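Reading through the structure tokens given below for one structure.
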Amino acid sequence: MSPAHNRSEAVKQALDALDRGVEPDRPVLRDAVRALLTELSRRAPGRSVEVRIPPFGAIQCVVGPRHTRGTPPNVVETDPVTWVLVATERVSWADAQRDGRLRASGIRTDLSEYLPLYPPDGAE
């Protein structure tokens, strides 16, 4: 993973590319996804929801019953570009879910209360 001081910069670079209508370079997108997942795990510590952003990362977050084996009952999954857009509220959680770009199953999977994840608390 990228050094901590580059994490917010990767998110900024990814958003700049998306604003220009181009997909971010793979390393930038990877680092942005991981930075936003890290911020989500900081804001919503726990192990009841699994958030999957293949191929770049997955975390468990949100307080509640801990999942230990098999398929988790609460799963959120989306592609990296959609994750960056949703995590920064460029696209709403509800719109991404309605459009099928974000899949969320389980009673704890609405993570919109933790958004936006960028800029991180206390930054910018």
Largest first, how would E77, E23 line up by accessible area (1.4 Å probe)? E23, E77
If you take the charge dipole of the chain about its Cα centre, with +1 on Lys and Arg Cβ and -1 on Asp and Glu Cβ, which of V86, V75, L15 is farthest toward its positive end? V75
Helix-only [θ]222 nm of the chain, DSSP H runs n ≥ 4, -39500 (n - 2.57) each, per residue, nearest 500: -11000 deg cm²/dmol
How much length is gained on full extension from E9 to Y114, taking 0.36 nm per residue of separation minus their Cα-Cα distance? 35.8 nm
Ignoring ligands and nucleic acids, D19 exposes an accessible area, probe 1.4 Å, in Å² to the nearest 10, of 100
Can you compute log10 of I(q)/I(0) for the chain with the Debye formula, treating each Cα as one identical point scatterer, at q = 0.11, 0.14, 0.19 Å⁻¹? -0.34, -0.55, -1.02
Gain in span if fully extended, S92 to R66, counting 0.36 nm per residue against the direct Cα distance: 6.6 nm
Within the chain: Cβ-based charge dipole about Cα centre, in debye rounded to nearest 20 (Lys, Arg +1; Asp, Glu -1): 560
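The values are calculated or read from the model by the stated rules, or taken from the named source; none is laboratory data. None of the values given here were measured: they were computed from a predicted structure. Positions of Cβ are generated from backbone atoms using ideal geometry, with glycine treated the same way; all protein chains shown enter the neighbour counts. Just the protein is used for accessible areas: all its heavy atoms, side chains included, with ligands, DNA and RNA removed. Shrake-Rupley method; radii C 1.70, N 1.55, O 1.52, S 1.80 Å.
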